[in-house]
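What follows is calculated from the coordinates using simple rules that are stated; it is not laboratory data. All of these numbers come straight from a predicted model, not from anything done at the bench. Every residue, glycine as well, gets a Cβ built from its backbone with ideal geometry; the counts of neighbours run over all protein chains shown.
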Amino acid sequence: MSARRWSLVPLVPLVPLLVASWLTSPAAAAPGGHCANAEAIQVPGAELQRVECHTDLSATALAAKGRSDVSDWAGLHSKQTVNPSAGAGIQVDGYFPDDSTTNTTYGWNHDAQFVIRLPEEWNGQLVVTGAPGVRKQYAPDYILSDWMLSQGYAYASTDKGNTGTSFYENGSRSAPGQAVREWHDRVSELTIAAEQVVAQRYGSRPSYTWMTGISNGGYLTRWQLENRPDLFDGGVDWEGTLMTAEGPNLFTYLPTALREYPQAMADPAARQRMYDVGFEPGSEVLWPDHHAVYWDLTQRTYREAFDPGYDGATEAGTPFCRTGTAPGTPTACDAEYDYASRPQEVKDAVASVSLTGDIRRPMLTLHGDLDALLPINADSDVYTEMIADSGRARLHRYYVIEDGNHVDDRHDLYPTEIRPILPCYREAFQRLTSWVTTGQKPPVSQTVTRPAGGDVANTCSQLAAPTRGGGKGPGR
């Protein structure tokens, strides 16, 4: 039965490996204030860093100065979203040693890029994230960084070590799955370094360090809390990608969507086959644009990362390929991909990045019930059951967001069908931190119903009130 069917590390030494480092102050700030101790910042292990003082660390203000990238965070939020001011502080950009070059930001042509932001008014805590999808380090700026900084958190984000639609080229031919395995190491690496940068700026390490993210950033939240609990006090998983060796995973439902969608709207049997692999009734309004934008590209590129031999020397398949659809098309098309019949080495590659549910720190999960990229029935429903099977249910809460989709901008296209998740995410993050730091228990797992009216892009009034527990919560 579905889990959501409710009734309604030691730190590395401070010896940077810098081949280039510079400090600038675009706002010509005087020493001290929001620029205090900027000259002391040296990111441990970084090959290059740039430290700058800014009077406004908001995503839009930084983008106007070329210190964030609108194209990187486009589409993740509703145009109706209202962000608080991020305030003044320090931004540190740079990269760790790496031999791949998919991230072209600043003309550096170097992967393992990061951004660290240090607000003038610090609350003593640090938030770490990894970019969603195969976007760059600035992808979470509008949905995460602005709000986190406004709350006083120091903030760090990584590009995960590879970016773009050719991310699979980062070692996957010689070692399938390596491109994704690197993501784990890059988050851990940045967390260790960022804690020391925080100490350099403020004089003390963070009292709490949180992991969070959306989509692949949510997957990394799950993985880090399972595998690196020494680094974090808890996390919020926003619709993380579920990878399991035996399924479900991307490859157990995306090929079905590619095969069945063209006739699914007119053929009830084809539509039922999509429901059978996880797509939720009610999400049909999203199927046309997801077929055009998400399903095919995701299937081909991620399949190449784990199973490059499926179509021989062809890299990442042929767009919208179906066997026999045109003369000369490959015999191995991703619409016909059958994960269950693939060789054991493919399953082993997926196993190398699989989740277990054995989280070791408190975590809250949010997932929209109309997610048309990572169907909830094949993702967070299953992962919640995995957590329970691992005996870790006491560390977890699961909030299903009624009418939520994978990306909030679809609310702008379908305002009556889709509801943004971001305001509920912010509410959940506050519930998590209160749980760990004060023992104030978060609401029980539940479906967060959509209100009949009001500002759904900026409020989440339907999340039930928390209950009071005794003492501090389950900390590190």
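Some points to look at:
- When the chain is described by a simple charge dipole with +1 on each Lys and Arg Cβ and -1 on each Asp and Glu Cβ, the residue from THR365, SER174, SER352 located farthest towards its positive end is THR365.
- Of every Cα-Cα pair in the chain, the percent that sits beyond 34 Å: 32
- Given LYS347/LYS441; LYS79/LYS136; LYS160/LYS441; LYS79/LYS160; LYS65/LYS136, the pairs whose alpha carbons are separated by over 29 Å: LYS347/LYS441; LYS160/LYS441
- Taking every DSSP bridge with both residues inside the chain, close to 35 percent are antiparallel.
- For the chain, adding -39500 (n - 2.57) for each run of n ≥ 4 DSSP H residues and dividing by the number of residues yields -8000 deg cm²/dmol at 222 nm.
- Basic side chains Lys and Arg get +1 at the Cβ, acidic Asp and Glu get -1 at the Cβ, and with that the dipole of the range 276-357 about its Cα centre reaches some 120 debye.
- Of the residues ALA112, ALA88, THR437, the one whose Cα sits farthest towards the positive end of the charge dipole of the chain is THR437 (charges of +1 on Lys and Arg Cβ, -1 on Asp and Glu Cβ, taken about the Cα centre).
- Put in line by how crowded their Cβ is, counting other Cβ atoms within 10 Å and starting with the fewest, SER215, SER71, SER150, SER174 read SER174, SER71, SER150, SER215.
- As a proxy for reagent exposure, GLU52, GLU239 were ordered by neighbouring Cβ count within 10 angstrom, fewest first; the result is GLU52, GLU239.
- Sparsely packed loop sites in the range 278-387 (the trypsin sites (Lys or Arg not before Pro) outside DSSP H, G, I, E and B with at most 16 other Cβ atoms within 10 Å) comprise ARG322.
- A Cβ-based charge dipole, computed about the Cα centre of the chain with Lys and Arg at +1 and Asp and Glu at -1, lands at about 1320 debye.
- From least to most packed, judged by other beta carbons within 10 angstrom and beginning with the fewest, VAL115, VAL456 follow the order VAL456, VAL115.
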